[in-house]
1. Scaled to the compact-protein estimate 2.2 N^0.38 Å, what is the alpha-carbon radius of gyration of the protein assembly as shown, rounded to two decimal places?
2. What ³J(HN,Hα) values, in whole Hz, does the Karplus curve 6.51 cos²θ - 1.76 cosθ + 1.60 give for the stretch A:147-161 when θ = phi - 60°, with x put for Gly and Pro?
3. Given H placed on each backbone N at 1.01 Å, which residues far from B:Glu169 in sequence or on other chains put an amide H within less than 5 Å of it?
4. I'd like the mean, over residues of B:40-46, of how many other protein chain beta carbons sit within 10 Å of each residue's own Cβ.
5. Rounded to the nearest 0.05, what FRET efficiency do A:Glu16 and A:Asn367 give with R0 = 35 Å and r taken as the Cβ-Cβ distance? Could you check?
6. Output the pairs from A:Lys172/A:Lys259; A:Lys136/A:Lys354; B:Lys23/B:Lys157; A:Lys247/A:Lys395; A:Lys323/A:Lys395 with a Cα-Cα distance over 24 Å in this structure; if there are none, say none.
7. In the neighborhood of A:Phe262, defined by Cβ-to-Cβ distances under 15 Å, what is the net charge if each Lys or Arg adds +1 and each Asp or Glu adds -1?
8. With labels modelled as points extended 7 Å from the Cα through the Cβ direction, what inter-label distance (nm, one decimal) is found for A:Ile176 paired with B:Thr66?
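Only the coordinates and a few stated rules stand behind these numbers; no lab work does. Predicted model, so just to flag it, every value in this text is computed and none were measured. Cβ atoms come from the backbone with ideal geometry, glycine included; neighbour counts cover every protein chain shown.
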Amino acid sequence: MGHHHHYIRPEAEYYEMDPKVRMTGIVLFVVGALLFALGVISNMGADYGATRIWTTLMHNSYFFLGLGLAATFYVTAQTVGYSGWVILISRIPEAMGRVIPFFAVILLLVFVFGWRSIYEWAHIGIEETDELIAGKKPFLNGTFFFGATVVYLVLWSLLSWMFRKNSFENDKDPGIHRYKRSKVIAMIFLFVFAISSSTALWHWFMSIDPHWFSTLYGWYCFISIFVAAIATTLLIVLTLRSQGYLKNITTDHLHDLGKWMFAFSVAWAYLWFSQFMLIWYGNIPEETLYFCERFEHYKILFFLNFMINFPLPFLVLMTARAKRNPNAIGFIAVMVIIGHWLDFYLLAMPGAIKSAHYFDHGHQVLNLGFGPLEIGVPIMFAGAFIFIVFSTLAKHSLVPVNHPFLRQSVEHATHSI
Amino acid sequence: MAKYNYLLGLFDDEEPLLAAVHKIRDAGLNIHDVLLPFPIHGLDDALNARETKLHNAGFLFGATGTAFALLMMSAISVFDWPNNFGGKPFFSMPSWIPITFELTVLFSAVGMTIVYYIRNGLSVFKDIEPLEPRTSSDRFAIVFDLDEYGEEADMDKISGLLTSLGALEVKTKGMSKRHPSHEEQSTRGFASGTN
């Protein structure tokens, strides 16, 4: 392109926090907090109460932290990959990274107060009665767990802050040195993330089922949160555009974001199925117990998780026309965010409730269903997430005016339809 | 005797070619095809080229592959020679998914390749006569169908326009076989680069 259009260099564009967005954030937070309080009161004193409350908080603080983390991965991977088209969008995943330190603090507090309620391997004296857990003691012990957790959270917060700060300072300080620096920070982040995105999830989620392990668990969890982060980025882009901002972002940019959401939904399904099929075919009790828990006691959610996260985006987003339709991609983005939230619920809650050993009429209860707790916490955190991300967006230009690839992003065209 | 006659304007770079395509279309003339050594961004928009239907063929071939794989494995493992593998059911869907996936991709890819060849008049069995051999090397050609513009006046007008737009050479070429237009090829971008 550019043969019959003259390139107009975009100017800095400042987002003014929309009162509607601010109210949405606050209302969600307050409603969620009330439901959460109700959930805590109704679960307090019950045998399973502490496990249920702490696991819900852990699952949700990781999910919302992970949205910021995977968004930071998205923008750093594009930086290292010399990606030009994404530059007009890049301020949004950068701003999403702002949530990492907030949810890191919540997550750490949850671990400090709740780890013995969430993790069976953390029950005092368990290694004397459980041979398998005793064998995993070198990895699953308090010192390693808390030490590693602090290292992950500090490194993620620090590196995403450095990347964001460098990008924002580029607005006042033009020059190629900022670009070069962003590459170095991105590479360091990616190196850290490549290892920690797996190991953190082994510690935090996989160890909830301490007798079970899966070698592709880390990638599975990464892809799951990555799809949700792309969908969140897309929703924020659509929101800003509907308010009259980001006019340089065209249907072609939306098309490419839609492709990312489509492609990584397929990647997620690939890993979901690979994990399932190998365990199903091998049929070894210590491996199948993970799926038995979910298949027998969470059957509807188990299938719902798969249907929302694979066939739905796959069929709806298959054509180029759908990927270029803001309503279609907006709808799918909402659905896959809910879908991957559910995915993490299914990773965490069944194993934790099982280890709570709650009996009712002589039968062990393995599914406590959804109450105000499970609904309230994500609503509360979503409110906080919206508030933090949009406040961050309001502080700096939405367009990185001095980025060397800006023109490539403005002139980006997918040449479709 | 050549049955089909074409007029070619040869350019030596993509920039003047793309500008020329815009100008020629603005002048209301119909471009039969554009031949390139490599794909050019924005040419499809400039030609107002139709979206390819090749992916529809891909979907149909893929669905055929899915059905073929499932029917084949059912025939073998359920009806013809049922075997007990680790107590799994004979109709063992999860373990068939990888093969079904592979055959879907295979059918889709091979089917699309065949359709692409047919639609573009290509063949693996014999060499085709190119409109202009240098378009696979260092020349970019805009092709006009002379059956559409048969009059002397039209030819002078097109030649003059091409020269004024920076064509290095304008020539006519007779072909024994019809060269399908870019619309008939109904494939985008890359198809324009084939002879």
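1. 1.18
2. x, 5, 4, 4, 4, 4, 5, 5, 5, 5, 4, 5, 5, 5, 5
3. Here B:Leu10 satisfy the definition.
4. Mean partner-chain Cβ count within 10 Å for B:40-46: 4.
5. E between A:Glu16 and A:Asn367, to the nearest 0.05, is 0.15.
6. In this structure, A:Lys172/A:Lys259; A:Lys323/A:Lys395 lie more than 24 Å apart at Cα.
7. Every neighbour counted, the sum reads +3.
8. 5.0
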